[in-house]
1. Might you let me know whether segment 12-20 holds any residue that is in contact with a helix residue (DSSP H, G or I) (Cβ under 7 Å, 6 or more places away or on another chain) and surrounded by 14 or more Cβ atoms within 10 Å (Cβ to Cβ)?
2. Given the conditions (1) loosely packed, with under 15 Cβ neighbours inside 10 Å; (2) closer than 18 Å to Trp82 by Cα; (3) touching a Pro at 6+ places or on another chain (Cβ under 8 Å), report the number of the one that Lys120 does not fulfil.
3. Of the residues Lys162, Lys177, Lys146, which single one is surrounded by 15 or more Cβ atoms within 10 Å (Cβ to Cβ) and not aliphatic (A, V, I, L, M)?
4. Given the conditions (1) of a type in the set (S, T, N, Q); (2) surrounded by 12 or more Cβ atoms within 10 Å (Cβ to Cβ); (3) within 30 Å of Ala34 (Cα to Cα), which single one is not true for Ser70?
5. If Asn91 satisfies every condition in (1) at pLDDT 95 or above; (2) surrounded by 12 or more Cβ atoms within 10 Å (Cβ to Cβ) but one, which is the exception?
6. Need pairs with beta-carbon distance below 7 Å; first residue within 18 Å of Cys13 (Cα to Cα) and within segment 55-82, second surrounded by 14 or more Cβ atoms within 10 Å (Cβ to Cβ) and acidic (Asp, Glu); sequence gap 6+ or separate chains.
7. Answer yes if at least one residue in segment 63-83 is closer than 22 Å to Lys102 by Cα, of a type outside the set (Phe, Trp, Tyr) and either out of contact with any helix residue (DSSP H, G or I) (no Cβ under 9 Å at 6 or more places or on another chain) or assigned to a strand (DSSP E or B) (or both), and no otherwise.
8. What number of residues within segment 117-155 satisfy the criterion of being in contact with a Ser or Thr (Cβ under 8 Å, 6 or more places away or on another chain) and in a loop (DSSP other than H, G, I, E, B)?
Amino acid sequence: MHIQRIHHVAYRCHNAKQTVAFYQQVLDMDFKLAIAENEVPSTKAPDPYMHVFLDAGNGNVLAFFEVPNSPKMKKDPNTPPWVQHIAFELNTLDELHLAKQKIEAAGVEVLGPVEHTIFKSIYFFDPNGHRLELAVNTAAPGMLEKLHDVAPAMIDEWDKTKQAPQHAAWLHDGSFKASK
């Protein structure tokens with residue numbers, strides 16, 4: 001199997017039209033298409049829905065379902081609100097700062113920029129309560145390779161201890177040294 005890319009990622013929304021407008025106006029996404037049915041194709045259940053698709057860049061598609069006959073959307077009460085989010089990549093820090101200004105001008109509260117050492121990002125919520133992130137890669141040469149190299153040891157240690165392994169402590173203490 002050779003996966004090419006993510007075809008689309010789908011989330012639920014309160015109102016498809018409002019959701020499309022937010023992503024068009026605030027994040028400059030193109031509204032690609034809408035599919036509406038009165039019956040679910042995979043299950044044949046009678047359940048009308050509107051399925052909208054937005055261009056998230058480079059062939060990535062973000063989709064939403066409005067399902068009016070289902071109970072009101074709720075967040076998972078056992079998952080912290082910062083965990084589940086959709087992260088989009090921007091090219092430069094200037095773009096990130098301009099995006100923050102644009103989003104705030106639309107009346108949306110923005111957190112950040114937050115320093116993650118290998119990227120900087122801002123966070124905000126869409127009208128459905130989905131947390132969004134805009135990120136710019138800032139990794140110094142060698143950082144991602146070093147993280148890749150220690151990933152197996154980190155996951156093994158985490159699996160045993162459920163405590164943060166220190167294999168990449170340099171992400172937060174500033175001690176990174178590029179490999180020669």
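The values are calculated or read from the model by the stated rules, or taken from the named source; none is laboratory data. Computed from a predicted structure; not experimentally measured. So basically every Cβ, Gly included, is an ideal-geometry build from the backbone, and we count neighbours across all protein chains shown.
1. Within segment 12-20, one or more residues are in contact with a helix residue (DSSP H, G or I) (Cβ under 7 Å, 6 or more places away or on another chain) and surrounded by 14 or more Cβ atoms within 10 Å (Cβ to Cβ).
2. (1)
3. Selected residue: Lys146, the only one of Lys162, Lys177, Lys146 that is surrounded by 15 or more Cβ atoms within 10 Å (Cβ to Cβ) and not aliphatic (A, V, I, L, M).
4. Here Ser70 meets the rest and fails (2).
5. Exception for Asn91: condition (2).
6. Short answer, once both residue conditions are applied: Val61/Asp55; Val67/Asp47; Asn69/Asp47.
7. No, that holds for no residue.
8. The total comes to 8.
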